[in-house]
C-alpha cells in the first residue's frame, strides 16, 4: 500500500498558475482598496464632492496594474 502518491507535474503547473493568478488579483484589488480608503479619508476631510475618490481609485488601478506587471515579469523570468 502506497502512502504517498507520485506527484503529477501537470498538477504542479496548474497549482503554480492558480497561485500566480490569485497573487495578481490580490495585488490589483489590494492597491485599489488602499488608495480608495486613503481617498475616502481625504474626501471626508476636504469635502471635494467625489473628486478625490475618483483620483484615488484611478491611482490605485494604475499602481495595481504596475505592481501586477512587475510580479508577472519576475515570475516569467524565473521560468
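If you build a Gaussian network model of the chain, linking Cα atoms that sit under 10 Å apart, which residue out of 46, 35, 66 swings the most?
Most flexible of the set in this elastic network: 46.
Taking the chain as the reference, fit the longest principal axis to its C-alpha atoms, fit the long axis of helix 9-46 to the helix C-alpha atoms, and give the angle between the two in degrees, 0 to 90, nearest 10.
Orientation of helix 9-46: about 10 degrees from the principal axis.
Please compute the alpha carbon radius of gyration of the chain, then divide it by the globular-protein estimate 2.2 N^0.38 Å. Two decimals is fine.
Dividing the Cα radius of gyration by 2.2 N^0.38 Å gives 1.67.
Please give the calculated 222 nm ellipticity per residue for the chain, where each DSSP H segment of at least 4 residues contributes -39500 (n - 2.57) and the sum is spread over every residue; nearest 500 deg cm²/dmol?
Taken over the chain, the calculation gives -30500 deg cm²/dmol.
Calculate, for residue 51 and residue 77, the FRET efficiency according to 1/(1 + (r/R0)^6) with r their C-beta to C-beta distance and R0 25 Å; round to the nearest 0.05.
0.05
Can you tell me the 0 to 90 degree angle between the C-alpha axis of helix 51-78 and the longest principal axis of the chain, rounded to 10?
Result, in degrees: 20.
Quick note: the coordinates plus some simple rules give every number you see, no bench work behind them. In this text the structure is predicted, and so the values were computed from the model without any measurement. Here Cβ is always computed from backbone atoms with ideal geometry, including for glycine, and neighbour counts include all displayed protein chains.
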